[in-house]
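To start, the structure under review is shown below, and the notes come after it.
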Amino acid sequence: MFIAVTNQKGGVGKSTLAVHLAVRLSELGHRVAFIDADRQGTATRWIPHVDESIELATLREPDEILERARELLATHDFVVADAPANLDDVTRCILLLADLALIPCGATVPEMESTQSAIRIIKNAQAVRDGKPDALVVFNRLPANERQRLVREAREAQHCLGFPVAKQALRLRAAFADAPGQRTVVWRLGASAKKAAAEMHGLIEEVLRYVKASPTKHRPNAQRGAKVVPRKRLATRTGTAAEADARGGAGPATKGRSKTTHASH
């Protein structure tokens, strides 16, 4: 199962959602790989401090992502990708592989308008992939007070987004901002982050229910104790070859040093 977290607008919590999702999946006993395609590299600096069993691949080029993602899908239950904060060829490549796209979205009108661009590119991918990837919008950084006007307006406007919206939203809480700097996840921050932890756990549980309810192209095929195929050095391929490829994954996490692949930037 390939899950992409994408939005063209930075600062909407894309990397935060992607990292928390990957770590929680690993805690639940799944074999998890993570593709960091965002040039900011937030996840690359964050994940090794949180869960050494997650296989981390830092990739920046479409051809590299196409090749490496297929290798990871063959040996892991879940591949989570943090897409770039733009809608370039890397994002399009990721959406040609993804089973599910999560779209974090702020509650303001400009943020929702910006999300429309991401929604359009996902719909373009669906048009050439028989409906894939599935998509789910996640409201993030909503005011903590449910009665505030901004929250009401966001709820009223969600029908305009064109995709299902997760019932569990993430609020504007200090814990979500603190977690990356402390190189941890919110449920490990203690009592002060209790509400943030409950929201993130609730959201991830909702995502997993959504995944189970939807048939996927990439079925998990990693077995307990499965041996990970050694990684090959990525060969540079032509754009034509990558385009041709585009037309054409539950065992316990093993502890140890984090396995990180760095590709050319």
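The values are calculated or read from the model by the stated rules, or taken from the named source; none is laboratory data. Bear in mind the structure is a predicted one, so any value in this text is a computation, not a measurement. Don't worry about glycine lacking a Cβ; one is built from the backbone with ideal geometry, like all the others, and counts go over all protein chains shown.
State all residues of segment 38-72 that are touching a strand residue (DSSP E or B) at 6+ places or on another chain (Cβ under 8 Å), more than 22 Å from ILE204 (Cβ to Cβ) and crowded, with 18+ Cβ neighbours inside 10 Å; if no residue qualifies, say none.
Scanning segment 38-72 gives THR58, LEU59, ILE65, ARG68.
Considering each of ARG120, ARG188, ARG152, ARG171 in turn, give the residue that is at pLDDT 95 or above and out of contact with any His (no Cβ under 6 Å at 6 or more places or on another chain).
Exactly one of ARG120, ARG188, ARG152, ARG171 is at pLDDT 95 or above and out of contact with any His (no Cβ under 6 Å at 6 or more places or on another chain), namely ARG188.
Looking at the structure I just gave you, is PHE78 within 21 Å of ALA213 (Cβ to Cβ) and of a type in the set (Phe, Trp, Tyr)?
In short, yes.
Consider only pairs whose beta carbons are under 9 Å apart and that are at least six residues apart or on different chains; among these, list those whose first residue lies in segment 105-122 and is more than 11 Å from ASN140 (Cβ to Cβ) and whose second residue is surrounded by fewer than 19 Cβ atoms within 10 Å (Cβ to Cβ) and among the acidic types (Asp, Glu).
THR108/GLU153; VAL109/GLU153
For segment 22-44, which positions are over 17 Å from VAL5 (Cα atoms) and touching a helix residue (DSSP H, G or I) at 6+ places or on another chain (Cβ under 8 Å)?
ARG31
In segment 96-120, what residues are in contact with a Ser or Thr (Cβ under 7 Å, 6 or more places away or on another chain) and under 23 Å from LEU73 (Cα atoms)?
Those that are in contact with a Ser or Thr (Cβ under 7 Å, 6 or more places away or on another chain) and under 23 Å from LEU73 (Cα atoms): ASP99, ALA101, ILE103.
Can you confirm whether segment 26-33 contains a residue that is part of a helix (DSSP H, G or I) and more than 11 Å from the chain's Cα centre (by Cα)? Please lay out each step first, then the result.
Let us first name the residues in segment 26-33 that are part of a helix (DSSP H, G or I), namely 26-27.
Right, trim to more than 11 Å from the chain's Cα centre (by Cα) and you get 26-27.
Taking every residue of segment 26-33 in turn, at least one turns out to be part of a helix (DSSP H, G or I) and more than 11 Å from the chain's Cα centre (by Cα).
Applying the selection to segment 73-89, what residues are among the β-branched types (Val, Ile, Thr) and surrounded by fewer than 21 Cβ atoms within 10 Å (Cβ to Cβ)?
Within segment 73-89, THR75 is the sole residue that qualifies.
Which of (1) closer than 24 Å to LEU170 by Cβ; (2) crowded, with 21+ Cβ neighbours inside 10 Å; (3) hydrophobic (A, V, I, L, M, F, W, C) does ILE121 not meet, given it meets every other one?
Failed condition: (2).
What are the residue pairs meeting all of these: first residue in segment 173-185, first residue closer than 19 Å to ILE204 by Cβ, second residue among the β-branched types (Val, Ile, Thr) and in a loop (DSSP other than H, G, I, E, B), Cβ atoms under 7 Å, and 6 or more apart or on different chains?
ALA179/VAL185
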